[in-house]
Amino acid sequence: MVLCEVHIIKITFSAKCQVRHCRICKLVKKTHQLPSRNIIGRRIREARLKSKPPVSQDDLAGRLAAKGIILDQTAISRIERQERYLMDYEVSAIAKCLKVSVGWLHGEK
């Protein structure tokens, strides 16, 4: 068992397998206990609303779709409420769409 700040736990699955007497063990992140799932959600909202003119969540979703990133309005809302993780390529695309740097989204000045 491994414990760290994201509470990685060892889970044992007993499943029918090709090999006799096989046990499949996997390390799974236990993340439902974390209070927030990203650190940039508030900054995304701030950048979106400070844009001239302000960018709606639907508008941001459309801009991202034009770049090949499929996030709907609900996903953007969950990101801003810090309830959804972001992939690095999503962060980069959001920063470009909002004309801010990735560093700024992470709290740099």
Query raised in the report: Quick one: which of Leu34, Leu60 is assigned to a helix (DSSP H, G or I) and either surrounded by fewer than 17 Cβ atoms within 10 Å (Cβ to Cβ) or modelled with pLDDT of 95 or more (or both)?
Result: Leu60
Requested in this report: Please tell me if Ile94 is touching a residue at least 60 places away in the same chain (Cβ under 8 Å) and within 19 Å of Glu108 (Cβ to Cβ).
Outcome: no
Report summary line: Log entry, pairs with first residue in the stretch 64-83 being assigned by TED's automatic domain parsing to the domain that holds Ala47, second being loosely packed, with under 13 Cβ neighbours inside 10 Å and in a loop (DSSP other than H, G, I, E, B), beta carbons closer than 6 Å, six or more apart or on different chains, reads Gln82/Ser36
Query - Checking Arg43 against (1) modelled with pLDDT of 95 or more; (2) over 14 Å from the mean Cα position of the chain (by Cα); (3) not small (Gly, Ala, Ser), the condition it does not meet - result: (2)
Report task. Scan the stretch 78-94 residue by residue and report those that are surrounded by fewer than 16 Cβ atoms within 10 Å (Cβ to Cβ) and under 19 Å from Ser36 (Cα atoms). Result -> Arg81, Glu83, Tyr85, Met87, Asp88
Report summary line: Here the residues within the stretch 60-109 that are of a type in the set (Lys, Arg) and closer than 13 Å to Arg48 by Cα are Arg63, Lys96, Lys99
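The values are calculated or read from the model by the stated rules, or taken from the named source; none is laboratory data. Being a predicted model, the structure only gives us computed values, none of them experimental. Note: ideal-geometry Cβ built from the backbone for every residue, glycine included; neighbour counts use all protein chains shown.
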